[in-house]
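Asker: One structure follows; several queries about it will come next.
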Amino acid sequence: DEYDVLETESRYSKKNQEKLRQAWNSFFQYLIEVGQIEKDQFTPIKKDSKLSRVGSAYISEPEFELARETLYTKNADSPQLRNICLVVLTLAYRLGLRRSEVVKLSTAHISFLNGEMCGLSVQWWIERGLKTASSSRIIPIKALLSEREMLWLELITAARARGLWSRADLLHVPIETLKQYIQNCKLRPITTSNNFLFIEDDYLGQRNKATAQVDKIITLIHKALRAPGSS
C-alpha cells in the first residue's frame, strides 16, 4: 500500500516509475538478505500493476454509483465477493480510506454506542500497519454514509463477528430487508472479536496471502471503475 501511494503521488513518467519499482524491490530484497525483515513481510511490486491508478478524488458521484452497479451486473464472481467489493468501494470513496486501511479492517475497528454503529477506527494492528502515526483516526461514519450504506457495513460486521459472510444482493434489496438480515444474523452467537472484515480468517498471520487477496479485491473494483468510461 505504501508503494502504491508513493507511485501515485510521484507523477513520474512510465520509464521513471519502472526505475522506482526496481529500486523499491531491490531495497527490500537487501533488507531480507541482511536479516532486517522476514521474507514473508514483503511482496515484490509487479511491473506496471496499475493497482493505484484510479483515485477517488477524480471520481464523480454518478461514476461512483455506476461503478457499484457494474460490480453486480458485469461481474461473474461470487455474491460474497461482489458484496465485499461493494462495501470496500463505498468506504474508500465516502471515507477517503487507502486500500490497506479499508480492505484490512477488523471487526474490532467498527464501534457501537448503545447498540448503534457509530464509528470506524483506523489504527495499527498486527495485520496492517499505517503509513504514518498521524494516519490513526476515528471516523464518524453516521455523518458520511447513507442509511443503506450503514446497513451494508453493519450486516457485514455482524456476519463476520460470527464467522459468516453475506451472500444476499445488498445493492438492490429493500432497506427493511437489510434490517431483517441484520436481526437474523444477531441471533447467532459471536465467535470472534479480532478478525478480518473483508478477508477470509484463514489469512490471519499470513501477510503475503492476505496482500494477494487485497490485490484481487482492488483489481475487481478498478475494473468496475474503468468500465463506464470504456463503454
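The values are calculated or read from the model by the stated rules, or taken from the named source; none is laboratory data. Note that the structure is a prediction, hence the values are computed from the model and not measured. All Cβ positions, glycine included, derive from the backbone under ideal geometry; neighbour counts span all protein chains shown. The accessibility values were calculated without ligands, DNA or RNA, using every heavy atom of the protein model including side chains. Shrake-Rupley method; radii C 1.70, N 1.55, O 1.52, S 1.80 Å.
Asker: Tell me, yes or no, whether segment 137-152 has at least one residue that is open to solvent by 80 Å² or more (accessible area, probe 1.4 Å), β-branched (Val, Ile, Thr), modelled with pLDDT under 90 and not in a loop (DSSP other than H, G, I, E, B).
Answerer: yes
Asker: Might you let me know whether segment 121-136 holds any residue that is touching a helix residue (DSSP H, G or I) at 6+ places or on another chain (Cβ under 9 Å), under 25 Å from Ala224 (Cα atoms) and surrounded by 15 or more Cβ atoms within 10 Å (Cβ to Cβ)?
Answerer: no
Asker: Which count do you get for residues in segment 167-197 that are in contact with a helix residue (DSSP H, G or I) (Cβ under 7 Å, 6 or more places away or on another chain) and under 23 Å from Leu113 (Cβ atoms)?
Answerer: So the answer is 11.
Asker: So, of the residues in segment 32-41 that are open to solvent by less than 60 Å² (accessible area, probe 1.4 Å) and in contact with a helix residue (DSSP H, G or I) (Cβ under 9 Å, 6 or more places away or on another chain), which turns out to be modelled with the highest pLDDT?
Answerer: Here the residue is Ile32.
Asker: Among the residues that make up segment 180-191, is at least one of them buried (at least 17 other Cβ atoms within 10 Å of the Cβ), assigned to a helix (DSSP H, G or I) and of a type outside the set (Val, Ile, Thr)?
Answerer: Checked against the condition, which is being buried (at least 17 other Cβ atoms within 10 Å of the Cβ), assigned to a helix (DSSP H, G or I) and of a type outside the set (Val, Ile, Thr), segment 180-191 yields at least one hit.
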